[in-house]
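The structure appears right after this line, and notes come after that.
Each value in this text was obtained by applying a stated rule to the coordinates, not by laboratory testing. Nothing here was measured: the structure is a model prediction, and the numbers come from that model. A quick note on method: Cβ atoms are made from the backbone with ideal geometry, for glycine too, and the neighbour counts reach across all protein chains shown.
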Amino acid sequence: MDRNLALFDFDGTITRKDTFLVFIRYCVGPLRYSLGLILLSPVLVLYKVKLIANWRAKEIVFAYFFKGTSGEEFSRKGKAFAGTVLPTLIRPSALQEIQNHLAKSNRVVIVTASSAVWIKHWSDSLGLEILATEWAEHNGTLTGRLAGKNCFGDEKRNRILSQIDVARYREISVYGDTSGDKEMLTLGTSQFYRTFQD
């Protein structure tokens, strides 16, 4: 048996809000962000009533704001966001729980539908691993399409099992806050749902 394992959802669990839209607003500014959401409102409504899948709605929104952006610029903005805005969104109690695991030398992995681009600079500073949604590039430019599957629901569980030998761990603590985390939560010997409220 190895050291214990802790799996954390990110948006809404470690953070107070979904970082996908916050990151978009940070990148494009409040005016373009607001106008974009108005134009995209039919897509968002269809997603809310479950006529468009989560991954497809996300792809449409992402493509509207980022298709054609260079991967280098996207990474640069992600690093800047992670170093400035992201720390203000972190729940102190979640950060304390992460630090408790690290103090025990437990392996801590963030499993998120967000992109590692705007999380990795922050997570690396703590020594955390990350399994995340990835965005496709062609010739160094974002295509607006997913590279692989959205790391949500079943895909969270699949991603964990494909990259982590969970049988090595006697104790697995899993933290989530939405139905998109329920498959991941089944892997836990201890399950924490909406534990952090600050």
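So here's what we get for this one:
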read-out: Interatomic Cα distance distribution for the chain, bins of 5 angstrom, percent; value: 1, 7, 15, 20, 20, 17, 11, 6, 2, 1, 0
read-out: Net charge contributed by nearby residues that have their C-beta within less than 15 Å of E73 (K/R +1, D/E -1); value: +2
read-out: Estimated [θ] at 222 nm from DSSP helical runs (n ≥ 4, -39500 (n - 2.57)) normalised by residues in the chain, nearest 500; value: -14000 deg cm²/dmol
read-out: Inter-centroid distance (Cα atoms) of region 47-79 relative to region 1-26, Å; value: 17 Å
read-out: Contact order normalised by residue count of the chain, Cα under 8 Å, 6+ apart, percent; value: 31 percent
read-out: Stretchable slack from S105 to V166, in nm (0.36 nm times residue separation minus alpha-carbon distance); value: 20.3 nm
read-out: Potential lengthening between N158 and V85 on full extension [0.36 nm per residue; Cα-Cα distance subtracted]; value: 23.2 nm
read-out: Degrees, to the nearest 10: 154-163 long Cα axis against longest axis of the chain; value: 60 degrees
read-out: Sites E137 and L39 - FRET efficiency at Förster radius 25 Å, r taken between beta-carbons, to 0.05; value: 0.55
read-out: Extension gain from D124 to Y193, taking 0.36 nm per residue of separation minus the Cα-Cα distance; value: 22.4 nm
